[in-house]
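Trainee: This structure is in structure tokens; I'll ask about it shortly.
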Amino acid sequence: MKNRSYYEELGVQPDATAEQIKSAYRRLAKKYHPDLNSGDRLAEDRFKRISEAYRILSDPTQRRAFHEKERVRAKSKAASQKQSSESFFDYFKSAWKTGFGSYTAEQTANVPRRGKDLKITLEIDELELARGIKKRVMIKRDGPCSVCGGTGRKPGSSPVQCKICLGIGEVPTSKQGKTVFVTCTNCKGKGFIVRERCLQCGGKGIARGKIPLTIDVPAGTKADEVMTIKAQGNIGTGGTAAGNLKVMIVSTQNNYFAPRGDDLIYDYAINLKELLTGGEIEVPTPDEKIKLSIQPGLKQGKILKVKGKGLLNSNGLHGDLLVRISYHLPEKITPRASELIDELISLKGWSPKKDRKGFIKKSTNDH
Ligand SMILES: [Zn+2]
Ligand SMILES: [Zn+2]
């Protein structure tokens with residue numbers, strides 16, 4: 001016995017209520033009951049088919065399974081040409097035409113939509129970009145409504161199964177002579193109808209909100225690169241997929257280091273005392289502070305190399321930290337500073353020896 005005939009057997013519409021199915025069965029069962037049609041093989045057969053149709057259609061689970069089966073059958077390419085599917089479709093189509101006006105595959109404007117992609121710009125300094133970083137950001141996006149949890153229903157109320165698609169969310173229609181299933185417009189693909197809407201979101205199940213998100217920017221990500229993070233955009237309607245989050249990377253300069261290949265350059269300006277006496281200076285590395293001993297009399301541009309404190313390269317080795325020395329001199333000599341300098345150079349050994357004429361005699365080592 002073919003499934004397609006269940007509704008036809010009972011002479012009811014596919015969206016018939018349980019009561020309509022029951023009364024149709026009662027009426028037909030009385031008419032074709034074997035007791036009233038003794039010896040009539042045709043009536044006996046009809047009675048069997050009516051009973052079978054009623055057995056399936058009166059049980060919501062079986063009725064739904066029957067629709068689902070038909071949907072799968074229509075979707076499979078081989079089965080799409082089968083008579084049974086076509087007839088099933090024709091039957092549905094006529095029911096919808098009479099009940100809801102014409103229903104075609106093109107009428108899908110109001111169906112669920114995948115969530116929109118979102119775009120954000122993420123500023124990352126060049127050092128973090130080279131080393132890789134996990135950035136925590138706040139994203140403004142459409143997410144599930146916090147009151148109804150995204151169902152669109154008033155909390156505590158129950159959804160009602162869609163009587164058109166019987167909870168499947170799709171209905172058969174014809175496209176170029178083939179039966180295809182399209183989103184049910186009655187329930188917008190949800191398979192159920194919301195009778196009492198959530199007051200917070202008006203039944204959409206969606207609310208705009210700010211959510212924290214940790215974005216993992218891998219080492220070696222380039223400036224102006226656009227990363228795509230799947231399904232972190234706006235959520236879709238009707239249970240469809242969320243959009244993606246596109247993250248545009250913008251590189252900013254690091255406050256301390258200038259990357260040079262795997263090495264990092266750090267500029268250190270020594271003051272007068274450090275120039276004259278040397279000593280210990282403190283410099284940053286990407287991870288910590290370290291102390292370096294310096295000799296007196298360092299030349300400008302001198303590079304002090306700190307091994308292995310640069311960037312990790314693709315061979316798994318670290319470059320170096322290069323501390324580049326410059327001199328720090330005051331922009332302006334105040335009267336007080338001038339006094340101190342006068343005092344300093346008046347000390348023994350702070351000024352070159354001059355003869356009576358006021359000149360500096362040439363060094364005996366020079367030629
Ligand atoms: Zn809501
Ligand atoms: Zn539906």
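The values are calculated or read from the model by the stated rules, or taken from the named source; none is laboratory data. Owing to the predicted nature of the structure, the values given are computational and were not obtained by experimental measurement. Note: ideal-geometry Cβ built from the backbone for every residue, glycine included; neighbour counts use all protein chains shown. We work out accessible area using only protein heavy atoms, side chains counted, and drop any ligands, DNA or RNA first. Shrake-Rupley method; radii C 1.70, N 1.55, O 1.52, S 1.80 Å.
Trainee: Evaluate segment 208-218: report whether one residue or more is in contact (Cβ under 8 Å) with a residue 12 or more places away in the chain, on the phi > 0 side of the Ramachandran plot and either within 16 Å of ligand 1 (Cβ to nearest atom) or open to solvent by 20 Å² or more (accessible area, probe 1.4 Å) (or both).
Mentor: Among the residues of segment 208-218, not one is in contact (Cβ under 8 Å) with a residue 12 or more places away in the chain, on the phi > 0 side of the Ramachandran plot and either within 16 Å of ligand 1 (Cβ to nearest atom) or open to solvent by 20 Å² or more (accessible area, probe 1.4 Å) (or both), which makes the answer no.
Trainee: Right, next: Pull out all pairs, ordered by first then second residue, where Cβ-Cβ is under 7 Å, the residues are six or more apart or on different chains, the first lies in segment 150-169 and is more than 16 Å from ligand 2 (Cβ to nearest atom), and the second is open to solvent by 20 Å² or more (accessible area, probe 1.4 Å).
Mentor: GLY150/PRO144; LYS154/GLU196; LYS154/ARG197; LYS154/LEU199; PRO155/VAL147; SER157/ARG195; SER157/GLU196
Trainee: Any idea which residue in segment 99-125 is least open to solvent (accessible area, probe 1.4 Å), counting only those that are more than 24 Å from ILE235 (Cβ to Cβ) and at pLDDT 90 or above?
Mentor: Step by step, filter segment 99-125, then rank; the result is ILE124.
Trainee: Condition first: surrounded by 12 or more Cβ atoms within 10 Å (Cβ to Cβ) and among the small types (Gly, Ala, Ser). Can you find one or more residues in segment 273-295 that meet it?
Mentor: Yes.
Trainee: Do we have PRO212 as within 16 Å of ligand 2 (Cβ to nearest atom), outside any loop (DSSP other than H, G, I, E, B) and closer than 30 Å to GLY152 by Cβ here?
Mentor: No, not satisfied.
Trainee: Condition (residue is out of contact with any strand residue (DSSP E or B) (no Cβ under 7 Å at 6 or more places or on another chain) and farther than 30 Å from GLY149 by Cα) applied to segment 241-258: is it met by at least one residue?
Mentor: yes
Trainee: Look at segment 134-164 and say how many of its residues are open to solvent by less than 40 Å² (accessible area, probe 1.4 Å) and more than 16 Å from ligand 1 (Cβ to nearest atom).
Mentor: 4
Trainee: Which of the residues spanning segment 177-207 are on the phi > 0 side of the Ramachandran plot and within 14 Å of ligand 1 (Cβ to nearest atom)?
Mentor: Those that are on the phi > 0 side of the Ramachandran plot and within 14 Å of ligand 1 (Cβ to nearest atom): GLY202, GLY203, GLY205.
Trainee: Restricting to segment 183-201, and then to whatever is open to solvent by 40 Å² or more (accessible area, probe 1.4 Å), touching a Cys at 6+ places or on another chain (Cβ under 6 Å) and more than 19 Å from GLY143 (Cβ to Cβ), can you tell me which residue is nearest to ligand 2 (Cβ to nearest atom)?
Mentor: Among those residues, the one meeting the criterion is ASN186.
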